[in-house]
1. Over segment 342-388, what lengths in whole Å, largest first, do the semi-axes of the equivalent ellipsoid take, defined as the square roots of 5 times the eigenvalues of the alpha-carbon gyration tensor?
2. In terms of modelled amide H atoms, which long-range or inter-chain residues lie less than 5 Å from the amide H of residue 66?
3. From the helices alone, meaning DSSP H stretches of at least four residues, give me the mean residue ellipticity at 222 nm for the chain, per-run term -39500 (n - 2.57), in deg cm²/dmol to the nearest 500.
4. Which helices, counted as full DSSP H runs in the chain, have an axial Cα extent of no less than 24 Å and a Kyte-Doolittle average of -1.0 or above?
5. With a/c under 1.5 counting as rounded, go ahead and sort segment 183-255 into rounded, prolate or oblate using the C-alpha gyration tensor (a ≥ b ≥ c being the square roots of the eigenvalues; past the cut-off, prolate if a/b is larger than b/c, else oblate).
6. Of the residues 75, 227, 248, which exhibits the maximal mean-square fluctuation in a Gaussian network model of the chain defined by a 10 Å Cα contact cut-off?
7. List, in the order given, every pair from 170/197; 258/332; 332/420; 170/268; 170/420; 222/268 whose Cα-Cα distance in the structure shown is over 24 Å.
8. Using the eigenvalues of the Cα gyration tensor, what equivalent ellipsoid semi-axes result for the chain when each is taken as the square root of five times the eigenvalue, whole Å, largest first?
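Coordinate-derived values only; no laboratory data. If you're wondering where the values come from, they're calculated on a predicted model, not measured in any experiment. Methodologically, a virtual Cβ is constructed for each residue, glycine included, from the backbone with ideal geometry; neighbour enumeration extends over all protein chains shown.
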Amino acid sequence: MCVEATPPPPGRLTRRGILAGAAALAGTVAAAGTAAAVAPPGLSATGAAGRASGAGRGGDLVVDGGTLLDPATGEVTEDAVLVITGGVVSAAGRRGSVTVPSGVPVLAAHGQWVLPGLVDAHIHLSTAAEARDAVRKGATSIRSGSTSFYQDIAVREMARRAPTLAPRVKAAGVFVTPDLGDSVLADPDLTDLALLKDGVRSAEALRRVVEVNLERGADVVKTRVNERAGLPEQDPLAQVYSYEQLAEIVAAARRGGKGVLCHSYSEKGCHDAVTAGIRSLEHGAFVGERTLHEMRRRGTYFTPTLAAIAGMIDSPDPILAERGRTYLPVLKQAVLAAHELGVPLAAGTDSSGGNVRPIGREVELMREAGLSAIDAIRTATTGAARLLGLERTVGRLVRGFAGDVILVDRDPLADVTVLKQPVRVVRAGIAV
């Protein structure tokens, strides 16, 4: 699991350079996308992608006639009308209770269910193509699980300029890990760490990686306590950072006002990470009851990335396939135990390397773990939105929230698998 190495961009990489490059990329790709735009089925001819003005401004759109689901309350509204103005929901409700503005593009949703865009709380987006793919598969907001060369920060800035090209991003920057590998080339301020005999382990080195990430504009900090499950030569139960080292990372992140997500597998590793003060536990296949109780007490989130573990089962490598078969049922039990205890859950696919899994697959596996359909949906809407600090703008379709929408052709409360293949996606009021 977790981020694969990708080649570094040329030249000195600074926050200013990242933002400038992202803005240029957004403008170039947006222009190309606009030139090739065609109206998706059901969208009125008055606007192929919703009506928008200015780079980064959301569109104006009416989603008409669908069945609207509010994940927060579980309320279902039939024959609903949703009005999006400037990329933000301005009205939503049953037909007749909502005033529809004239001259605004209309997306017909009759016979379909209307839900807020989904949130992938653990994904690695390193290219513009991956960012577009994530949106098309329903993930309109994401939290990065790190990238090798700050690509997630650039994707975040591209999304602000051209929202149909990328999901809303909470970026993690470079992984805080003992062996940075080629990521020492991501910034000249990291290159001295290549000289460290034991890697990034000292308190000074740990603080330095966190500080450089925050200087470059990271929204969150990503670290690990165990080795990777997705590499056959590594032992996912081997611990790479101690409680004290994890506490150093958390303290450095907090000084910058940021939280920490932590890659983990073993029970001791999970417990050390949680008690060190991380914001969310990632993977966590062998998390134990004592740690789950501590997570509930602290409000620590659990992002199990079930889809990534399930994906190993089909690996041609026998070690990875066996890990998938062994870990998945254990992880499902941990997810159900966490949910029953009241530990907050967030859906994340851990997609990387060009293989963007639909976030609906994670919802499907949450349901298989024993959550109700509405609770499984919440892990990719209201629950994940809270983890990202977006609970007032993402995860619902009510006034003041983002105009990010997915349409599906069946009742997701009866069959959550429908979320794996949205029939239409709207990002910031613009049909993708």
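1. Working: eigenvalues 69, 34, 12 Å².
Each semi-axis is √(5λ); the values are 19, 13, 8 Å.
2. Here 80, 109 satisfy the definition.
3. Working: 12 runs with 141 residues, N = 432.
Value at 222 nm, helices only: -10000 deg cm²/dmol.
4. Numbers: long enough: 15-35 (30 Å, 0.98); 318-341 (35 Å, 0.29).
Those that pass (Cα extent of 24 Å or more, hydropathy at least -1.0) are 15-35, 318-341.
5. Numbers: a/c = 1.64, a/b = 1.36, b/c = 1.21.
Cα axes put segment 183-255 in the prolate bin.
6. Comparing 75, 227, 248 in the GNM, the peak value goes to 75.
7. On the way: 170/197 32 Å; 258/332 29 Å; 332/420 19 Å; 170/268 28 Å; 170/420 22 Å; 222/268 19 Å.
As for pairs spanning more than 24 Å Cα to Cα, those are 170/197; 258/332; 170/268.
8. Numbers: eigenvalues 255, 131, 62 Å².
Value: 36, 26, 18 Å, ordered largest first.
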